[in-house]
1. Is there a residue being outside any loop (DSSP other than H, G, I, E, B) and modelled with pLDDT under 85 anywhere in segment 83-96?
2. Anything in segment 76-95 that is out of contact with any strand residue (DSSP E or B) (no Cβ under 8 Å at 6 or more places or on another chain) and surrounded by 12 or more Cβ atoms within 10 Å (Cβ to Cβ)? List them, or say none.
3. Look at residue 76 and say whether it is modelled with pLDDT under 85 and farther than 24 Å from residue 15 by Cβ.
4. Any residue in segment 14-23 that is under 25 Å from residue 113 (Cβ atoms) and at pLDDT 90 or above?
5. How many residues are surrounded by 14 or more Cβ atoms within 10 Å (Cβ to Cβ) and under 17 Å from the mean Cα position of the chain (by Cα) if we restrict to segment 46-65?
């Protein structure tokens, strides 16, 4: 059996559901050493790349390089669609699993984030309006 090409994996993989106002937290480990500054771009389903200014930290433990991102507000909000992250640390390139932002919450002003309950669901008032706060 021939393995899928990377582009086929991105298209055929069920995406994670992500908030429209932030990149999900992540962590991964490699045997490669980091060889430069980390550049993160977001790639949409058409292949268009957008540079992101999110913080990706690194650390080395027992010869393994760990990369992590704690999650932070993203401005402007993501539009509906399928995305993945491309992380380049100089010599090495890593790709995330695909993700899709929540849709239908466009009534939140830019620079704000929705309030979420203990389950991570967007909170609404009695009239169905989304409750939000500044990022």
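The values are calculated or read from the model by the stated rules, or taken from the named source; none is laboratory data. Remember, predicted model here, so these are calculated numbers, not experimental data. Note that we place each Cβ from the backbone using ideal geometry, even for glycine, and neighbour counts take in every protein chain shown.
1. Within segment 83-96, the first condition is being outside any loop (DSSP other than H, G, I, E, B), and the residues that meet it are 83-88, 93-95.
Filter again for modelled with pLDDT under 85, leaving none.
Within segment 83-96, not a single residue is outside any loop (DSSP other than H, G, I, E, B) and modelled with pLDDT under 85.
2. 90
3. Details: modelled with pLDDT under 85: yes; farther than 24 Å from residue 15 by Cβ: no.
It is false that residue 76 is modelled with pLDDT under 85 and farther than 24 Å from residue 15 by Cβ.
4. Narrowing segment 14-23 to residues under 25 Å from residue 113 (Cβ atoms): 15-23.
After this cut, where a residue has to be at pLDDT 90 or above as well, the list is none.
The answer is no, given that none of the residues of segment 14-23 is under 25 Å from residue 113 (Cβ atoms) and at pLDDT 90 or above.
5. Step one: list which residues in segment 46-65 are surrounded by 14 or more Cβ atoms within 10 Å (Cβ to Cβ), which gives 52, 54, 56, 65.
Among the residues that remain, those that are also under 17 Å from the mean Cα position of the chain (by Cα) are: 52, 54, 56.
Total satisfying the criteria: 3.
This table checks each residue for (1) assigned to a loop (DSSP other than H, G, I, E, B); (2) without any contact (Cβ under 8 Å) to a residue 12 or more places away in the chain.
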position: 29; (1), (2): no, no
position: 32; (1), (2): yes, no
position: 35; (1), (2): yes, no
position: 42; (1), (2): no, no
position: 47; (1), (2): yes, yes
position: 55; (1), (2): yes, no
position: 60; (1), (2): no, no
position: 67; (1), (2): no, no
